[in-house]
1. Can you pull the one-decimal nm distance between simple spin-label points at Ser42 and Tyr28, each 7 Å off the Cα toward Cβ?
2. Estimate the FRET efficiency between Asp138 and Val64 by the formula 1/(1 + (r/R0)^6), using the beta-carbon distance for r and 41 Å for R0, to the nearest 0.05.
3. Just grab the label-to-label distance for Trp113 and Leu49, each label 7 Å out from Cα along the Cβ direction, in nm (one decimal).
4. Take the alpha carbon atoms of the stretch 41-80, find their radius of gyration, then divide it by 2.2 N^0.38 Å using N residues; give the quotient.
5. For Phe103 and Ile71, compute 0.36 nm times the residue count separating them, minus their Cα-Cα distance, and round to one decimal in nm.
Amino acid sequence: MAETFSSGEAQYWPIYGSNTTGSNNSSYASLLRLLRSHSPTSSQLFGFLALFISTGILLFLLGVTATATTIAFIVFLPVIIVSSPIWIPIFVIVVGFLTVTGFLVGTVAVVLWTYRYFRGMHPVGSDQMDYARSRIYDTASHVKDYAREYGGYFHGRAKDAAPGA
């Protein structure tokens with residue numbers, strides 16, 4: 001059907017039995033050649049087939065998992081309701097412990113970073129901190145110089161806001 005060249009392109013054989021003298025058959029043959037030139041390769045077809053099969057399997061497993069979870073929740077709901085006076089305080093204690101531990105770890109990390117930064121040990125992110133500090137200092141000095149030279153930012157702006165005043 002198709003002959004493959006070294007460039008990887010496929011050259012299709014002519015459509016046998018087509019009559020090139022009639023305009024209908026000629027347009028039909030050219031349409032078929034166009035469709036064949038844009039048809040996917042066998043590796044693309046196998047890729048799509050694998051995609052569809054794996055998607056179907058995963059959707060089936062999703063359905064099985066959702067069904068099993070719903071049935072287990074319905075079956076164990078009486079046990080959950082009866083034992084809820086035990087589970088709620090345990091949940092509150094565990095969540096409280098994890099929250100306090102997280103805040104403690106965050107505080108220790110910030111204190112250690114600040115200590116290393118002020119001792120000159122250059123922790124991670126200190127170059128960005130120095131850049132931001134220099135930008136803030138440059139902007140503040142620019143504002144101060146402008147205020148000295150022109151009498152401030154807002155002095156000239158009041159006239160612009162109310163020209164007739």
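1. It works out to 2.9 nm between the two label points.
2. 0.05
3. Here the modelled spin labels are 5.4 nm apart.
4. Against the compact-globule rule of thumb, the ratio is 1.94.
5. So the extension gain works out to 7.7 nm.
Values quoted throughout were computed directly from the atomic coordinates according to the rules given, and no laboratory measurement underlies them. All values derive from a computational prediction rather than experimental measurement. Note: ideal-geometry Cβ built from the backbone for every residue, glycine included; neighbour counts use all protein chains shown.
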